[in-house]
Amino acid sequence: MKNRKMLTFGLAAGLVALVGTCLVAQEKQTEAAEKAKQPAAAEKAKEPATRTQVETSVTTNGTMVTERRRETTTTTDADGNVVATCTSESLQTYPVGETATAGVVAAPGAKEEPVNTDTFLGLKFGDVFKVDEKNLMRDEDEPSLVCAKFTPVKALAGFEDYFAYLTPKTHKIAMVRACAKKAIEPTNGNWRRHYLVEALEKRYRTWARSISWTHPYYRLNVAPGRSVTACLAGATEDYEAVICAWDANVTRLADEERRALDEEARKAAEKSRDKRMQDALDAF
């Protein structure tokens, strides 16, 4: 009987020890998991945070209505310090009784027609541009594309040169540019948005964003994969003002065609070299 009691006591003690060991192991696993989460949480805390604030106002002097929109995007670090700030302001005026630009400041109950983003300055993205190969040019800033001058049906005041940027093999229109050798000065006063930017906003019914601290440089995302930019001063070495529209899908096609052409040229050069080497071998 005594031995049975000692055996029972031993089993109970062993069971308690085993449970204690399991609890300790579980606590260690939980502690290790928490420690593993801490670096990830710390890294996430270090990521910058971005906050966008939009302010709008409508005023009238009895005859004209003025609508203003100010969008401020602020990026802060983990400690709350501001590391970057971007502000875009828009303004439009119209007589009392009329409506604002549809889609930019939409009138209540207004019926909007679909915006045509397929064309720019009369050229349609993806169409084949018929041009003599001798008239094609290369632009160092767009290595995958070739370009050619064209004359639009209706020219922009102050813009002298117009370029269609094409895929290198099939010559499909990927990008269209209007270029001016002199900066286009606004005609509506410093207190209003540049008339070209306002015209683009009304054309596409979307807001233009300022994308440069040093230049009057704006961008409009007009449709998925399609954008328009307008730099109105200091655009390039040759032109002060450049307005550019492009289609991302066609530009990707241009990259594919350029890689295929480069591969064809490499194979042709390799074949030519092999032939010249064989000719030299025969001569030796």
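Of note:
- Some residue of the range 270-284 being in the same structural domain as THR170 (by TED's automatic domain parsing), part of a helix (DSSP H, G or I) and either free of Cβ contacts under 8 Å to residues at least 24 places away in the same chain or more than 30 Å from GLY158 (Cα to Cα) (or both): no
- Test result for VAL242, surrounded by 20 or more Cβ atoms within 10 Å (Cβ to Cβ) and either charged (D, E, K, R) or in a helix (DSSP H, G or I) (or both): no
- Test result for THR206, polar (S, T, N, Q), modelled with pLDDT under 90 and exposed (fewer than 13 other Cβ atoms within 10 Å of the Cβ): no
- Any hit, the range 139-147, residues being in contact with a helix residue (DSSP H, G or I) (Cβ under 8 Å, 6 or more places away or on another chain), surrounded by 16 or more Cβ atoms within 10 Å (Cβ to Cβ) and within 22 Å of ASP238 (Cβ to Cβ): yes
- Candidate set: the range 219-239, residues that are within 12 Å of the chain's Cα centre (by Cα) and not hydrophobic (A, V, I, L, M, F, W, C); chosen: the one surrounded by the fewest Cβ atoms within 10 Å (Cβ to Cβ): PRO224
- When restricted to residues that are of a type outside the set (Ser, Thr, Tyr) and more than 26 Å from ARG252 (Cβ to Cβ), the range 133-158 contains 7.
- Filtered by the rule that a residue be outside any loop (DSSP other than H, G, I, E, B) and either within 12 Å of HIS171 (Cα to Cα) or among the small types (Gly, Ala, Ser) (or both), the range 116-136 gives VAL128, GLU133.
- Index of the failed condition, TRP213 passing every other in (1) of a type in the set (Phe, Trp, Tyr); (2) without any contact (Cβ under 8 Å) to a residue 12 or more places away in the chain; (3) surrounded by 13 or more Cβ atoms within 10 Å (Cβ to Cβ): (3)
- For the condition closer than 23 Å to PHE129 by Cβ, touching a residue at least 12 places away in the same chain (Cβ under 8 Å), over 14 Å from the mean Cα position of the chain (by Cα) and surrounded by fewer than 19 Cβ atoms within 10 Å (Cβ to Cβ), ALA174 does not qualify.
- For the range 209-266, the tally of residues that are under 15 Å from MET175 (Cα atoms) and touching a His at 6+ places or on another chain (Cβ under 9 Å) stands at 1.
The values are calculated or read from the model by the stated rules, or taken from the named source; none is laboratory data. Values in this document were obtained by computation on a predicted structure and should not be read as measured data. Glycine also receives a Cβ, built like all others from the backbone with ideal geometry; neighbour counts cover every protein chain displayed.
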